[in-house]
Amino acid sequence: MTTTPPPPRGVDVVLPCLNEAEALPWVLARVPAGWRALVVDNGSTDGSADLARALGATVVQEARRGFGAACHAGLTAATADVVCFCDCDASLDPALLVPFVDEVRSGTADLVIGRRRPQSRRAWPPHARAGNLALTRLLRRRTGLRLHDLGPLRAARREPLLALGLTDRRSGYPLQMVVRAADAGWRITEHDVPYRPRTGASKVTGTWRGTWQAVRDMSGVLGEAPRRSAGPGGEHPAGPAPAHPADRS
């Protein structure tokens, strides 16, 4: 008699990486025991890929530059039931993902996002914070979600994430994930997480130009027509996707 093996129950953590050799030792040491770190090398020239391998991470190569390209390469390479995302610059602690995963596995949320709480003025420049605020307000108009942040620390189940059909390969990837999840009727929650100054030079939000590019990419995502994609359990919403506000305050 043929039996179907149970689905994988592990956790994969996708870590998009571009020249993060200085931060990698701390980040990888903070990945919870038993979880797999997927370091997606996006063209590093500082030996990040070799260092990540030496530290026990699985390295995925993504030649196409872009935050979304790196994140999606990690998602498609993942095999675990639950997939997490975290920046690789030591601004966020992967260990904080444990309760996120518990919430996803318990069925109380389909997508959990970390609301960044800067621990110093250097952690989140004013222009980057202003851009994030503007986008969350636009997101509220588009979906009804009362999120306060579009942060990169998040967790969800792998197969439903893949079913969202994410296409953005630049800075709009995190927002597109939220928009399409909302359209599909996902339950989306957010929780405060400490946000520290990154290690090394910022590629995006540390500069006005990088922030403007990110805002432009994300604004394009908000112009998408609502999709009737399958929900996290494979069901299709019968009507307009209900909003699942993370916080009514």
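The values are calculated or read from the model by the stated rules, or taken from the named source; none is laboratory data. All values reported here derive from a predicted model rather than from experimental measurement. Using ideal geometry, Cβ is built from the backbone for each residue, glycine included, and neighbour counts are taken over all protein chains shown. With ligands, DNA and RNA removed, areas are computed over all heavy atoms of the protein, side chains included. Shrake-Rupley method; radii C 1.70, N 1.55, O 1.52, S 1.80 Å.
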- Residue that is surrounded by the most Cβ atoms within 10 Å (Cβ to Cβ) [pool: residues in the stretch 122-136 that are part of a loop (DSSP other than H, G, I, E, B) and in contact with a Pro (Cβ under 9 Å, 6 or more places away or on another chain)]: W124
- Looking at (1) surrounded by 21 or more Cβ atoms within 10 Å (Cβ to Cβ); (2) of a type in the set (A, V, I, L, M); (3) closer than 23 Å to V178 by Cα, find the lone condition where A57 falls short. (3)
- Message: out of contact with any strand residue (DSSP E or B) (no Cβ under 9 Å at 6 or more places or on another chain) and open to solvent by 60 Å² or more (accessible area, probe 1.4 Å): is that true of R64 in this structure?
- Response: yes
- Selection count, the stretch 137-181, where residues are touching a residue at least 12 places away in the same chain (Cβ under 8 Å) and not in a helix (DSSP H, G or I): 22
- Item | Test: T211 is over 19 Å from the mean Cα position of the chain (by Cα), modelled with pLDDT under 95 and either of a type in the set (A, V, I, L, M) or closer than 22 Å to C88 by Cβ (or both) | no
- Test result for R169, open to solvent by 40 Å² or more (accessible area, probe 1.4 Å) and more than 20 Å from V40 (Cβ to Cβ): no
- Task: Assess whether V101 counts as being in a helix (DSSP H, G or I) and among the aliphatic types (A, V, I, L, M).
- Result: yes
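Is it true that A29 is open to solvent by 60 Å² or more (accessible area, probe 1.4 Å) and modelled with pLDDT of 95 or more?
It is true that A29 is open to solvent by 60 Å² or more (accessible area, probe 1.4 Å) and modelled with pLDDT of 95 or more.
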- Does A70 satisfy the condition of being in contact with a Lys or Arg (Cβ under 9 Å, 6 or more places away or on another chain), open to solvent by less than 40 Å² (accessible area, probe 1.4 Å) and in contact (Cβ under 8 Å) with a residue 60 or more places away in the chain? no
- Message: Conditions first: (1) in contact with a Phe, Trp or Tyr (Cβ under 6 Å, 6 or more places away or on another chain); (2) part of a helix (DSSP H, G or I); (3) more than 19 Å from V40 (Cβ to Cβ); (4) among the small types (G, A, S). A95 passes all but one, so which condition is the exception?
- Response: (1)
- Before we move on, is D89 within 24 Å of V178 (Cα to Cα) and in a loop (DSSP other than H, G, I, E, B)? yes
- Out of all the residues in the stretch 149-165, which are open to solvent by less than 50 Å² (accessible area, probe 1.4 Å) and either within 22 Å of V13 (Cβ to Cβ) or at pLDDT below 95 (or both)? D149, L150, G151, P152, L153, R154, A155, A156, R158, P160, L161, L164
